[in-house]
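One structure is given below, encoded as structure tokens.
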There are 2 protein chains.
Amino acid sequence: MSIEQYMRGVGQGARIAARQVAASSTAQRNAALLAVAAALDESRAQLAAANADDLARGRESGLDPALLDRLELTPVRIDAMLEGLRQVAALPDPVGSISDVNTMPSGIRVGHMRVPLGVIGIIYESRPNVTVEAASLCLKSGNATILRGGSEALASNCAIASCISRGLEASGLPATAVQVVDTADREAVGALITMAEFVDVIVPRGGKSLIERVSREARVPVIKHLDGVCHVYIDAGADHRMALEIAINAKTHRYGTCNTMETLLVAAAETALLPELATALRAAGVELRGCERCRTVVPDMLPAVEQDWFEEYLAPVLAVRVVEGLDEAMDHINHYGSRHTDSIVTRDHANAMRFLREVDSSSVMINASTRFADGFEYGLGAEIGISTDKLHARGPVGLEGLTSRKYVVFGEGQVRR
Amino acid sequence: MSIEQYMRGVGQGARIAARQVAASSTAQRNAALLAVAAALDESRAQLAAANADDLARGRESGLDPALLDRLELTPVRIDAMLEGLRQVAALPDPVGSISDVNTMPSGIRVGHMRVPLGVIGIIYESRPNVTVEAASLCLKSGNATILRGGSEALASNCAIASCISRGLEASGLPATAVQVVDTADREAVGALITMAEFVDVIVPRGGKSLIERVSREARVPVIKHLDGVCHVYIDAGADHRMALEIAINAKTHRYGTCNTMETLLVAAAETALLPELATALRAAGVELRGCERCRTVVPDMLPAVEQDWFEEYLAPVLAVRVVEGLDEAMDHINHYGSRHTDSIVTRDHANAMRFLREVDSSSVMINASTRFADGFEYGLGAEIGISTDKLHARGPVGLEGLTSRKYVVFGEGQVRR
């Protein structure tokens, strides 16, 4: 059987399962989530053995230690998977809610019903806990899922998949509601992202090159973000204490996350705070790269070059630029940014509201650290990813982002005149 | 200059204009809509002359009389364009509204702000009034537009475009906020649907072959529907009078529209209504094609073949099938339908709610004619098209479908712990 035939079989199974999952009750899907948790809990020995195989293969093939670490399924990480399943089971069910019902002049009543998207394809890299996390969010929101993890985690993912199948079947849902692609063949990804008759949306999670490839080749809609070139702009008249706290937090709270600040913009009127900021950031080990005007105030900054303004460092490096004021800051963000998350520190209400409206990013903030751009911090309960696309979901994507709304019409025999 | 260079110039102009339109006030955009109406009103002579050129060329090249009729800009049609502009100006502005603001445990307040999509590309066929209609909806919702009409309407569209430019400039908005592609070269469409850096979404309006080509080749998201294979299902126990009225209206109110019923499904318990239905539909000139069970009740129906169940006739033809009950009806709709609009006629509440939930179409109705699936009938004020896609807008797409929601965060200096 060719990879394409295999994947079409997976797709057909998912499409059939999707109708059953969409029609299932909230109670049944919650029971399935808890049954998956129980199955994983009972299978700790099998999970550990499969994971040990992956780790051994990884070490043999010279996998990077950081990747080996992410690949490892420790007892603590398994506990976290179980806890995640319970939390998702406890979240409110978005499916089936009817809203905005209004009566029209014809007498029909028209509203929206929230419904699952159908079949969701997830493509991700080495962390096997994503298998459970993604499957649980898709199942809770009434969708079927096809999961394609990294080849280095194949044994772990298959062991997890068998627990998920048992949980699903124990609750009367079809085992094909969640399927893990059990081949390391890279062609499987190509098939998954092009079979539009079986897959409604693809969510790639991983490095930029994976996401770029998926976006370029997909014939199915993709929910994604490519870069997180996030900015903090310190406005003229901003509170220096607040500005310093937010800038330092946005840069140093974590370096490797997509909502970390990569460029700081400072209004010309507030360059007096640059020396204190530079001292604090350097104390935290951050390398600073400044524009010329920055370097007249803090002469020992490295000079920033054009490419720095586009860069997502994901590292203890920060580009710093002095701008005349709000307009130049927004021009900079809209030109160099990645439409992810940008924040203004200001005391000026009109400037705050202009920034909110005119900065074209998925999250726009006033007086808060960019690090808040996160499904948990936004109260979504969980997050399947972050979208910087404009259609459908924008920003952190929770359960609601895995659903859509259709029109429902309640009539009493009305016909059109 | 190559077509591609020309289109990139158009795209760049639109991208720059989009920021200005997005930042403009509601009053300014409404003033522009009314100024466009005034400019069209003043230019009736030029519009008539340009349209006469198109019509003459159309006649010479042997254009179909139906197409010639659609191409014609009569004084009544110009009046309708002006009235349309005034109506769009009077609609509420969706842009900038902030909703669902909640305070999180960290103290930040998180909500959604509705914002324009950016640059919208519209590809359409011969009716020149679409130029004004589409431009007005995009402008009202804060977007820039690139319009690509049919080559047979090029002179008319260019004359309309010059009025639009004057209206925009009179109100202080950039003329490039609405651009009409003024070349008949077909490569222009190819360029428009692939320049993702300048175009955020494409809305094709026209025949199925146009929409198929656009969907296949686009590298930009497309809002579209391909088919309208709409169903009415008459449930066991349905009121015969209501069932007959809805079925007859859904089929005969208009034949060429996408929300017209193409297949009627009748529960086996209600086949007694088939003779009266057949008589009424035949009196209206509708050809009936029935399944075998239908033909045992109404023997002189033509036999339906497999292909009939997939067919969007757009003509006085109806396929009729007897099904066992609700489950078989939903199986039929989900298999043969096009996810456009489907309606159940029933007195059974549980069946009504199952149909509403389990039929995976953009509009699902209880006891109403499928002909109601329309932006005006749904209270959207206007409609740019109908979407049968699952992501973003689903069903009739009004102003809100031309916007998206970003996250906005209101803080008072919060940082992430």
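Please state, to two decimals, what the Cα-based radius of gyration of the protein assembly as shown comes to when divided by 2.2 N^0.38 Å (N = residues). Mind showing how you got there, number by number?
Values: Rg = 28.7 Å, N = 834, 2.2 N^0.38 = 28.3 Å.
That ratio works out to 1.01.
For the stretch B:302-369, take the alpha-carbon Rg, divide it by the Kirkwood Rh, and send me Rg/Rh. Don't skip to the answer; put the middle values down first.
Working: Rg = 12.3 Å, Rh = 12.9 Å.
Dividing the radius of gyration by the Kirkwood radius yields 0.96.
Please report the net charge: other residues with Cβ closer than 12 Å to the Cβ of A:PRO94, K and R +1, D and E -1. Present the calculation step by step, with values, prior to reporting the outcome.
Details: positive: A:ARG29, A:ARG114, A:LYS140, A:ARG405; negative: A:ASP93, A:GLU400.
Its environment carries a net charge of +2.
For the stretch A:343-408, with all protein chains present and a 1.4 Å probe, just round the carbon and sulfur fraction of the accessible area to a whole percent.
47
Give, ordered by residue number, each residue of the stretch B:385-417 whose 1.4 Å probe accessible area is reduced by a minimum of 50 Å² on adding the remaining protein chains to the chain alone.
SASA drop of 50 Å² or more in the stretch B:385-417: B:LYS390, B:LEU391, B:HIS392, B:ARG394, B:LYS406, B:TYR407, B:VAL409, B:GLY413, B:VAL415, B:ARG416.
How much mean residue ellipticity at 222 nm does chain A get from its helices, if each DSSP H run of length 4 or more adds -39500 (n - 2.57) and you divide by all residues, to the nearest 500 deg cm²/dmol? Walk me through the numbers before you get to the answer.
Values: 14 runs with 173 residues, N = 417.
Theoretical 222 nm ellipticity from helices: -13000 deg cm²/dmol.
Leaving ligands, DNA and RNA out of it, rank B:LYS208, A:LYS390 by accessible area with a 1.4 Å probe, largest first.
Highest to lowest solvent-accessible surface, that is B:LYS208, A:LYS390.
Taking the solvent-accessible surface of protein heavy atoms with a 1.4 Å probe, what is the per residue accessible area of the stretch B:81-171 in Å²?
29
For the stretch A:70-100 and the stretch B:196-237, compute the distance between their C-alpha centroids and round to whole Å.
35
What order do you get for B:369-375, A:43-49, A:163-169, B:392-398 when each peptide is scored by the mean count of other beta carbon atoms within 10 Å, highest first?
Numbers: B:369-375: 26.6, A:43-49: 15.1, A:163-169: 22.0, B:392-398: 24.9.
The packing order, highest mean first, is B:369-375, B:392-398, A:163-169, A:43-49.
Can you list the distances in nanometres, one decimal and ascending, from the B:ARG86 label point to the identical position in each other copy, with the point 7 Å along Cα to Cβ?
Ordered by distance, the counterparts are at 6.5 nm.
What is the spread of the Cα atoms of the stretch B:234-318 along each of their three principal axes, largest first, in whole Å?
Principal extents (Cα only, largest first): 30, 26, 22 Å.
Give the long-range amide H neighbours of A:VAL178: residues separated by 5 or more places, or on another chain, with amide H under 5 Å away, using H modelled in the peptide plane at 1.01 Å from N.
It is A:THR145, by chain and number.
Let me know the mean shielding of A:371-381 by other chains, meaning the per-residue number of their Cβ atoms within 10 Å of its Cβ. Walk me through the intermediate numbers first.
On the way: counts 4, 10, 4, 1, 0, 2, 8, 8, 8, 1, 0.
Mean inter-chain Cβ contacts per residue within 10 Å come to 4.
In square nanometres, what is one fourth of the surface area of the convex hull spanned by the alpha carbons of the stretch B:14-100?
Dividing the Cα hull surface by four gives the mean projection, 8.5 nm².
Using only C-alpha positions, report the orientation-averaged shadow area of the convex hull of the stretch B:230-372, nm², one decimal.
Average projection, Cα convex hull of the stretch B:230-372: 6.9 nm².
Ordering B:ASP308, A:ASP93 from largest to smallest accessible area (1.4 angstrom probe), what's the sequence?
In descending accessible area the options line up as A:ASP93, B:ASP308.
Using alpha carbon coordinates only, what is the Rg to Rh ratio of the stretch B:1-158, with Rh defined as the Kirkwood radius? Show your work: numbers first, answer last.
Working: Rg = 19.3 Å, Rh = 17.7 Å.
Using Cα coordinates only, the ratio equals 1.09.
Which three extents, in whole angstrom, do the alpha-carbon atoms of the stretch B:288-332 cover along their principal axes, largest first?
28, 24, 15
Need one value for B:354-360: mean number of C-beta atoms belonging to other chains within 10 Å of its residues' C-beta atoms.
Values: counts 1, 1, 8, 10, 4, 3, 7.
Counting Cβ atoms of other protein chains within 10 Å of each residue's Cβ and averaging gives 5.
Checking an interface number: how much accessible area is buried between A and B, summed over both chains, with a 1.4 Å probe, in Å² rounded to 100?
6100
Let me know the mean shielding of B:215-223 by other chains, meaning the per-residue number of their Cβ atoms within 10 Å of its Cβ.
On the way: counts 2, 1, 0, 0, 2, 1, 6, 2, 1.
For this peptide, the per-residue mean of nearby foreign Cβ atoms is 2.
Checking the cross-link filter: which lysines have an alpha carbon closer than 29 Å to that of A:LYS251, excluding same-chain neighbours under 8 positions apart?
Within the straight-line cut-off, A:LYS251 pairs with A:LYS208, A:LYS224, A:LYS390, B:LYS406.
Taking 1 over the mean of 1/r across every pair of different Cα atoms in the stretch B:109-227, what Kirkwood radius in Å do you get? Could you put the intermediate results ahead of the total?
Numbers: mean 1/r = 0.0679 Å⁻¹.
Across the stretch B:109-227, the inverse of the average 1/r is 14.7 Å.
Over chain A, how many percent of alpha carbon pairs lie in each 10 Å bin up to the one with the longest distance?
Result, from short to long distances: 5, 20, 26, 22, 17, 9, 2, 0 percent.
Please give the per residue accessible area of the stretch A:230-372, computed with a probe of 1.4 Å over protein heavy atoms only, in Å².
Details: 5160 Å² over 143 residues.
With the other protein chains kept in place, the stretch A:230-372 gives 36 Å² per residue.
For the protein assembly as shown, what proportion of DSSP beta bridges, expressed in % and rounded to the nearest 5, is antiparallel?
Expressed as a percentage, antiparallel bridges in the protein assembly as shown total about 25.
Considering only protein heavy atoms and a probe of 1.4 Å, how much of the accessible area of the stretch A:1-46 is carbon and sulfur, as a whole percent?
57
The values are calculated or read from the model by the stated rules, or taken from the named source; none is laboratory data. Bear in mind the structure is a predicted one, so any value in this text is a computation, not a measurement. Quick reminder, even Gly has a Cβ in these numbers, built from the backbone with ideal geometry, and neighbours come from all protein chains shown. Heads up: the accessible areas ignore ligands, DNA and RNA and are worked out on the full protein's heavy atoms, side chains in. Shrake-Rupley method; radii C 1.70, N 1.55, O 1.52, S 1.80 Å.
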